[in-house]
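**Q** Once you've had a glance at the structure underneath, I'll fire off some questions.
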Amino acid sequence: MKEQSALDTALEQLRIAAEKLNLDPGIHEMLKHPKRSLIVSISIKMDNGEISTFTGCRVQHNDARGPFKGGIRYHPNVTLDEVTALAMWMTWKCAVVDIPYGGAKGGVCCNPKKMNLNEIERLTRRYTSLILDVIGPYRDVPAPDVYTYAQTMAWIMDTYSQFKGYSVSECVTGKPISIGGSEGRAEATSLGVVVCAREAAKVRDLKFNGATVAVQGYGNVGWNAAKIAYDMGCKVVAVSDSVGGIYCQKGLNPYDVYEHKSKTGSVVNYKGCKNIKNEELLETKCDILIPAALENQITKANADKIKAKIVVEGANGPTTPEADKILDEKGIMLAPDILANSGGVTASYYEWVQNLTREHWTLEEVNQKLENKMVKAFSDVYNIMRKEESDMRTAALMLGVGRVAEAIKTLGLWP
Ligand code: NAD
């Protein structure tokens with residue numbers, strides 16, 4: 001049987017929202033397809049002198065509400081379909097949190113774990129040069145995603161600026177602070193995730209202080225979410241990465257686990273914890289589960305075994321539509337990706353605004369604005385959910401797709 005792809009999931013979600021919104025069939029059809037998909041071949045010289053060629057793309061889904069916006073992913077499983085789904089989710093996400101951006105995503109099919117920094121820098125610069133014509137501060141603003149970091153964004157900014165002949169910090173977000181990055185950007189996605197978890201706990205009458213938390217993935221989003229949840233008084237009982245997971249009933253210290261991973265390359269074999277398989281992490285007994293790795297993790301095969309009371313999607317697309325139904329039937333509240341992880345793009349927007357106005361806000365300013373945005377978006381989605389008697393994902397999609405459709409109608413179609 002064909003495995004459900006991220007694009008299948010994204011299109012099914014769009015279909016559900018279109019039906020609930022009674023969307024014009026023409027606009028529904030329009031939104032099924034990205035406005036532009038650019039595929040590029042990136043040839044670089046490896047350190048051993050050989051030439052390697054990688055396939056990359058930049059998919060721009062919709063820009064009715066503002067410039068395209070979305071991360072760039074380096075991963076061996078990157079496909080055009082996956083990047084298209086991620087671009088579509090960016091469109092809804094920016095609309096849900098109500099920031100003036102459309103949606104895009106980029107990807108390069110490569111294994112950064114098998115490349116050194118010099119090779120990754122050459123790959124990044126060459127990729128940037130190949131998508132240069134379709135990106136820019138008012139056109140399409142990239143950001144980090146899986147296996148790309150602040151340093152990767154610095155190389156993108158430098159390459160773009162070299163071509164333009166002047167420094168253009170606002171062409172990319174998620175940059176290091178020394179070159180125009182925003183305070184709080186690195187942790188923003190996770191802060192938003194944890195704020196959503198707190199808001200979900202409130203409406204579920206679950207005590208947030210002391211709530212048990214399991215986190216899948218210990219990269220940028222996962223580790224920061226574990227850390228912030230711990231700092232806010234939660235008990236982090238399990239975490240995992242691509243190698244495996246660890247479980248500790250009495251709770252673990254995410255900072256120590258991070259140090260352990262930095263030294264050994266993985267969270268596994270951390271002292272005082274039991275090693276567990278990746279599948280077991282998702283099925284851990286806990287109050288709040290945060291998937292923060294990749295797509296298609298909670299499926300019809302394991303949804304029935306999820307024991308958490310609340311699922312907060314740090315990752316994009318970790319739950320399939322079939323699994324959504326099962327979780328809903330089990331009474332599990334799910335804060336969907338397009339709401340829960342929108343803190344990242346929101347802080348990216350704040351970074352862009354600071355770059356355009358040549359300002360630098362304090363961490364307190366950024367975090368306060370971010371928290372207010374997340375609380376408002378959560379309550380907007382929650383109110384739709386109550387009114388429509390739907391689940392949170394359907395409510396978030398109705399809000400996001402509805403706002404994009406409204407913008408398309410208002411702009412009209414040229415010519
Ligand atoms: P990252 O590369 O920093 O981390 C990814 C983590 O997932 C790594 O720890 C990796 O070991 C782990 N992983 C990979 N496969 C796994 C598996 N099968 N089981 C458990 N762990 C696994 O990436 P990131 O930036 O943290 O992104 C994670 C997710 O969050 C992605 O879905 C991304 O699209 C989404 N996201 C990221 C941001 C952001 O600001 N970085 C914003 C919104 C959404």
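**Q** In the range 377-389, is there at least one residue being within 16 Å of the ligand (Cβ to nearest atom) and polar (S, T, N, Q)?
**A** Checked against the condition, which is being within 16 Å of the ligand (Cβ to nearest atom) and polar (S, T, N, Q), the range 377-389 yields no hits at all.
**Q** Please identify the pairs in which a residue from the range 63-82 that is closer than 26 Å to residue 407 by Cβ has its Cβ atom under 8 Å from the Cβ atom of a residue that is part of a loop (DSSP other than H, G, I, E, B) and among the basic types (Lys, Arg), counting only partners at least 6 apart or on another chain.
**A** Pairs that qualify, where the first residue is closer than 26 Å to residue 407 by Cβ and the partner is part of a loop (DSSP other than H, G, I, E, B) and among the basic types (Lys, Arg), are 63/35; 67/139; 68/139.
Residues are listed down the side, and each one gets a yes or a no for (1) closer than 30 Å to residue 29 by Cα; (2) among the charged types (D, E, K, R); (3) crowded, with 19+ Cβ neighbours inside 10 Å:
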| residue | (1), (2), (3) |
| --- | --- |
| 75 | yes, no, yes |
| 82 | yes, yes, yes |
| 99 | yes, no, yes |
| 110 | no, no, yes |
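**Q** Follow-up. Go through the residues of the range 240-248 one by one and say whether even a single one is under 23 Å from the mean Cα position of the chain (by Cα), more than 16 Å from the ligand (Cβ to nearest atom), open to solvent by less than 30 Å² (accessible area, probe 1.4 Å) and touching a residue at least 12 places away in the same chain (Cβ under 8 Å).
**A** no
**Q** Given the conditions (1) open to solvent by 20 Å² or more (accessible area, probe 1.4 Å); (2) in contact (Cβ under 8 Å) with a residue 60 or more places away in the chain; (3) among the aliphatic types (A, V, I, L, M), which single one is not true for residue 195?
**A** Only one criterion is unmet by residue 195, namely (1).
**Q** Could I ask something else about it? With respect to residue 186, determine if the residue is outside any helix (DSSP H, G or I) and either buried (at least 18 other Cβ atoms within 10 Å of the Cβ) or modelled with pLDDT of 95 or more (or both).
**A** Criteria not met by residue 186.
**Q** Something else now. Six or more apart or on different chains, Cβ atoms under 7 Å: show the pairs whose first residue is in the range 129-153 and within 8 Å of the ligand (Cβ to nearest atom) and whose second is among the polar types (S, T, N, Q).
**A** 143/173; 143/348; 144/152
**Q** What are the pairs with Cβ atoms under 7 angstrom where one residue, in the range 86-104, is touching a residue at least 60 places away in the same chain (Cβ under 8 Å) and on the phi < 0 side of the Ramachandran plot and the other, located anywhere, is open to solvent by less than 10 Å² (accessible area, probe 1.4 Å) and assigned to a loop (DSSP other than H, G, I, E, B)? Sequence gap at least six, or different chains.
**A** Every condition considered, the pairs that remain are 89/317; 91/102; 93/342; 94/101; 94/102; 96/342; 97/342.
**Q** Still on this model: Do we have residue 170 as in contact with a strand residue (DSSP E or B) (Cβ under 9 Å, 6 or more places away or on another chain) and in a helix (DSSP H, G or I) here?
**A** yes
The values are calculated or read from the model by the stated rules, or taken from the named source; none is laboratory data. Just so it is clear, the structure is predicted and the values come from calculations on it, not from any experiment. Glycine gets a Cβ as well: all are built from the backbone with ideal geometry, and neighbour counts include every protein chain shown. For the accessible areas, the whole protein counts, side chains as well, though only heavy atoms, and no ligand, DNA or RNA atoms are used. Shrake-Rupley method; radii C 1.70, N 1.55, O 1.52, S 1.80 Å.
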